[in-house]
1. Pulled fully out, how much extra length does the chain show between residue 221 and residue 538, if you take 0.36 nm times their separation in residues and subtract their Cα-Cα distance?
2. Which of the three applies to region 461-597, rounded, prolate or oblate, going by the alpha-carbon gyration tensor with a ≥ b ≥ c and a/c under 1.5 meaning rounded?
3. Could you tell me the calculated FRET efficiency between residue 566 and residue 413, based on Cβ-Cβ distance and R0 = 35 angstrom, to the nearest 0.05?
4. Determine, for each peptide in 220-233, 501-514, 440-453, the mean count of other beta carbons within 10 angstrom over its residues, then list the peptides with the highest first.
5. For residue 503 paired with residue 471, estimate the spin-label separation in nm (one decimal), with each label point 7 Å from Cα along the Cα-to-Cβ line.
6. Would you list which aspartates and glutamates come within 18 Å of residue 242, measuring only between C-alpha atoms, while excluding same-chain residues fewer than 8 positions from it?
7. Counting Lys and Arg as +1 and Asp and Glu as -1, what is the net charge of the other residues whose Cβ lies under 13 Å from the Cβ of residue 282?
8. Sorted by packing (mean other beta-carbon atoms within 10 Å per residue), highest first, where do 238-248, 183-193 land?
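No lab work stands behind these numbers, since they all come straight from the coordinates. None of these values were measured; they are calculated from a predicted model. Counting neighbours? That spans all protein chains shown, and the Cβs are built from the backbone with ideal geometry, glycine included.
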Amino acid sequence: MTGTRHPACATLIVSFIVSALFATEAHAAWWLKALDAAGDASRAAAKASVAAGRRLHDIVKAHPPGPHPAHALRIADGKVIAADAHGAEVVVATASAGGALALTADGAALLRTAALVLSEDDLSALGELLKKTADTAPGRPIHLLRGDGTLGRVVVEEANGRRVLMAEKYAGVFLEVAALHADELAWALQQPVRTRKVRVMSLFHPSDADVLRRMDEALGELHQPGGHADPDAFTHALREQKQKTVFIVGHVEGDRFVVRDASGAVHGELPIAQLEAAAREADASVFMLGCSAAACSRSSGYLDAVNALHVADGLKEALRRPTFGEALSALSTGSGRMLVRPAIIGPLRTVMEVEQRMDDLGEHGLRALRFSTLASGRSRELSARIVPAIPALVQVPWFVGLFVPLFSLRPILADWAVLRLPAPRFGHRPAASVMVKGIRSLGFLLMMPYAAFLDALVLFVPWMLWLVVTLLYDSAAGIVAALFGLLLWRPHRHALAAEPWLRRFWMIPMFGAAVAFATFYCLQAFPSFAALAQDPQRRPLAWIMSALAASGLSYALLMLLRAGRWNPNRLLAWILSSPIHLIEIAARRLIIHPGTTSDQASSPPTAGPR
C-alpha cells in the first residue's frame, strides 16, 4: 500500500538501488562499452599512419643515389625522426614543454645534406623546422607525399615581405601551409570543373578576328563573344550564368574592360565593379583575364598583360581537368609555379590570389590572377536546394514534413472535421465557395508539412537527448530522472493508450532529458564534484551525488506539474492542430456574413413567394 500511496518515495528507493549498481567498477566497465567505437576509429587512424610510413620508406628506397641521400621524416613520441633507405634512424629534433622543436646536433648535420620526404599529416607540425632547413641549406629538395600517393614539392617563398612555407597541392600549384582558412582554400580548389557549367565570355571587338577565331576553335560552343554587345547587355548575360564558372577575357585599362577595334578606337567600356556585382548575384565563379585586371578587382583577374591566343590554348587544356586546382595546374604548365594565398574569405565568397613565380617569364607567361568562387557554406546551401529560388532552410523542412502526415493523416482529418464548417454552396455563393476550398487546400499544403516537421522534431529530440546524457554524460541522473518521468506518465497512460509508442511514452524521455541535463550542468559548476568524476577510485561517489541531486530536482518538478494538472503531450497535439485552426479562422471569415450565425451561413436560400 505504501508503494501505491507514495510512488515518489518508492522511486527514491529505486534511485538508491540504481546508484548502488553504478557504484561497481564492473558495471561501469560494461556501460562504457558503448564508447569503444571511438577506440576503433583511433586504431584505424593509427593503421593509416603506419601505411603512410611504409609508403614513405618505399619512396626513400626508390630515391636515386647521389650527393643528397633521401630520408623519411616523421613525428613519433614527441620526436622528429629521419630514416634512410636502410631503416637507420636519426633523432632530428625533440619537442620542448611548450611544443617548440629543438634541433639535435645529428639532426642539424643531416638537414644540411639530406633530401627529405614527409607526409601531409606531419607538414603543419614541421613547418618551422622545414623553413630553417631551407634557410640553412638552400637547394636541398623537400618532397611531400600527398594523399593520393603522388609526390609534391615543399618550398619557401617570399610573399608580402615575409618568408612563407608552401606545399605543392597540385602539379605547379602551391598553397601556403600556415595560411588562415587553408581548409577553405583547399575545399575551393577541390570543386569540380563541370564543362556544361563553364562559359568563356570574351570582350574583343569583331575586328580582332584572329583572336576570336582561335578562341572558337579552342573552346567551341563554350565561347560567347560579347565585344559587339553594349555593356548592359553583357552584364545581363553574366547575371544569367547562374552557379556557373565564367572566364572573362579582354583588354583591361584602369578599373574597366575596354573594347577597342584594330585601329585602337574605343567601342565600349565595362566597369569591373559592375561585373563583380553581376557575378555575385548569379552565385558564379569568376576568372577575369586581362591586363592589370586584379589591380582594381576584388574578385579575380590577371595582374599583367596576357596574350589572348595563349589564354585560349591554356583554357582548352584547363577545362579538361576534373577540379579547379588541376585546372590551375594546367594553366601553370610551362609557366612556373602558381602560389595560392587567401585574399578575401567571407560567408558567401572565397577569393584566392594566385601569383605566378618563374625565373624567366616569357611572352606567354602568366604572372598573377585572382579567382573568386562560392564559399563552402554557400555552395552546400545552394546544392541542397530543390527549388532554385527558395533557400534550403525553407525547403528542407517542408519536403521532410510533407511525408510525415501520411502516417497520421486519419486523426488529423478527424480533428479537422470537428472544427470545419461546410463551405458555401457553389450555386449560392460561387466566389466564396471557391475561395474557401482554395484556402483550405493551399493552407493545408503549405502549413501542415512545417507543423509535421516541427512535431517530429519535438517528438524525437527528447529521446535522443535522454540517450546522449544517459550514455555519455551522467548515467545515474539520466536513469533516475526517467524513473520520475514514468511517475508523471502513469496518470495519463489510459488517455494515451491509442497513441503510437513514441508518442505514448514521450513525456518520460522529455522529463528525463530536462532533469538530467540540468543536474549535470549544475554539478559541473562545483570543482569538487568535477574532481570526483575524474578520479576512477571515487567516481562511484560522484554517481551517488548525481543520483541524489536528480532525485531532489525530479521530485520538485513532478509535484509542480501534478499541481498544475499539465499533460506534456498536449504540446504535440497543439503543434499539429495549429495549422487547422488558422485555416478555419480564415475560412470562417468567408463563410459567415456579419449578422449571421454559423448555422445560417451554409444553409440554402429559402424560396420566395411566387
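1. In short, 106.7 nm is gained.
2. Prolate is the answer for region 461-597, as a/c is 1.5 or above and a/b outweighs b/c.
3. Here the calculated transfer efficiency is 0.80.
4. 501-514, 440-453, 220-233
5. 2.6 nm
6. Reachable aspartates and glutamates: 221, 232, 276, 281, 283, 381.
7. +4
8. Top of the packing list down: 238-248, 183-193.
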